[in-house]
1. Select from the range B:26-44 the residues that are under 20 Å from B:Lys128 (Cα atoms) and either in contact with a Leu (Cβ under 9 Å, 6 or more places away or on another chain) or more than 8 Å from DNA strand D (Cβ to nearest atom) (or both) and list them in ascending order.
2. Just give me the residues in the range A:1-26 being touching a Ser or Thr at 6+ places or on another chain (Cβ under 8 Å) and surrounded by fewer than 13 Cβ atoms within 10 Å (Cβ to Cβ), in sequence order.
3. If we scan the range A:27-37, do we find a residue that is among the hydrophobic types (A, V, I, L, M, F, W, C), buried (at least 17 other Cβ atoms within 10 Å of the Cβ), in contact with a strand residue (DSSP E or B) (Cβ under 6 Å, 6 or more places away or on another chain) and modelled with pLDDT of 95 or more?
4. Among the residues of the range B:52-94, which ones are within 10 Å of DNA strand D (Cβ to nearest atom) and away from chain A (no Cβ under 14 Å)?
5. For B:Thr8, which of the numbered conditions (1) part of a strand (DSSP E or B); (2) polar (S, T, N, Q); (3) within 14 Å of chain A (Cβ to nearest Cβ) fails to hold?
6. Within the range A:103-138, track down each residue that is within 20 Å of B:Arg6 (Cβ to Cβ) and either modelled with pLDDT under 75 or touching a Ser or Thr at 6+ places or on another chain (Cβ under 6 Å) (or both).
7. Sort through A:Leu69, A:Leu15 and tell me the only one that's among the hydrophobic types (A, V, I, L, M, F, W, C) and assigned to a loop (DSSP other than H, G, I, E, B).
8. Out of all the residues in the range B:59-75, which are touching a residue at least 12 places away in the same chain (Cβ under 8 Å) and within 7 Å of DNA strand C (Cβ to nearest atom)?
2 protein chains.
Amino acid sequence: MKLITRETDYAIRALVHIAKSDKEIVTVTDLVETTAVPRPFLRKLLQTLNREGVLKSFKGKSGGFTLALSPEEILITRIITIFQGTMQLNECMFKKDICPNTETCSLRKILNNIQDYATRSFAGVTLKEIMKEEPHES
Amino acid sequence: MKLITRETDYAIRALVHIAKSDKEIVTVTDLVETTAVPRPFLRKLLQTLNREGVLKSFKGKSGGFTLALSPEEILITRIITIFQGTMQLNECMFKKDICPNTETCSLRKILNNIQDYATRSFAGVTLKEIMKEEPHES
DNA sequence: ACAAATGATACTGATTTGGTATCATTTCAT
DNA sequence: ATGAAATGATACCAAATCAGTATCATTTGT
């Protein structure tokens, strides 16, 4: 299974391109060229980012998108949450009353640790870090 | 998203029950009572574990299942792999030629770290650890 | 007025997940 | 022998999620 869906990935890539662009305002057409994401899908995704206040959109001719926040204000977890909901790796399959025993809790513990690690890994990571040419060391 | 699917979870729970059971041979009926997993689904799942050599089955009246290996020989990752395939959290959405740039690689790095942590967390963990009453410390 | 952009929204198709249903086969107990 | 009680094999089904399409409405610069 994947931690990041295609949509989230597309979104991040689009944001990086917008952030790096020389242009004041970036159009879907620009992004289709640079990201190779199917146009209608990309549009929907950008509209979502606009509604969520990550992008700012301008309608009409010579319209397009800009970041609504600076790259260091855009948390990657925010983008993930928008498209995938809260990242919860350790969801228990069972209601508390079905699973009162401690048998599988040892497994839960492992899952919880991984969840915590993931949370710590993403903590504070913004678009700015992701934009960097050099992979960031964690 | 979840690291462990329902099926894997069911399977582990069933294995724990079989391992803990007083009976030499455990039937599906026994397990339906103790695990509350839908019978046909449980059957399919046990048959899979049998085919994979984790369980040993006995047909006919007074038949049922036993572990094919001792609890300390059954790796949890094995069970996960059987039902979910290899746990690969950091699959890249894009072919190398579509994604030659380093832009998102910083994100990949984070995903890789989480993947590695998960792998380390599960390394060497067997059914025996999972069976313990006290959650194991990692 | 019209072209070029986004907004809103409904729909579609593929895949995965969780679960059912059926029939065949084996084996113990009588 | 035979029948009940177990698993083996397999095909099917339904809901959810994921990825993507299609359409029409609205805005705006020239």
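The values are calculated or read from the model by the stated rules, or taken from the named source; none is laboratory data. None of the values given here were measured: they were computed from a predicted structure. Heads up, the Cβs are rebuilt from the backbone with ideal geometry, glycines too, and the neighbour counts pull from every protein chain shown.
1. B:Leu31, B:Thr34, B:Thr35
2. Listed by number, the list holds a single entry, A:Glu24.
3. Scanning the range A:27-37 turns up no residue that is among the hydrophobic types (A, V, I, L, M, F, W, C), buried (at least 17 other Cβ atoms within 10 Å of the Cβ), in contact with a strand residue (DSSP E or B) (Cβ under 6 Å, 6 or more places away or on another chain) and modelled with pLDDT of 95 or more.
4. Those that are within 10 Å of DNA strand D (Cβ to nearest atom) and away from chain A (no Cβ under 14 Å): B:Leu55, B:Lys56, B:Ser57, B:Phe58, B:Lys59, B:Gly60, B:Lys61, B:Ser62, B:Gly63, B:Gly64, B:Phe65.
5. Just one mismatch for B:Thr8, condition (1).
6. Correct list: A:Glu103, A:Thr104, A:Cys105, A:Ile110, A:Ile114.
7. None of the other options fit; the residue is A:Leu69.
8. B:Ser62, B:Gly63
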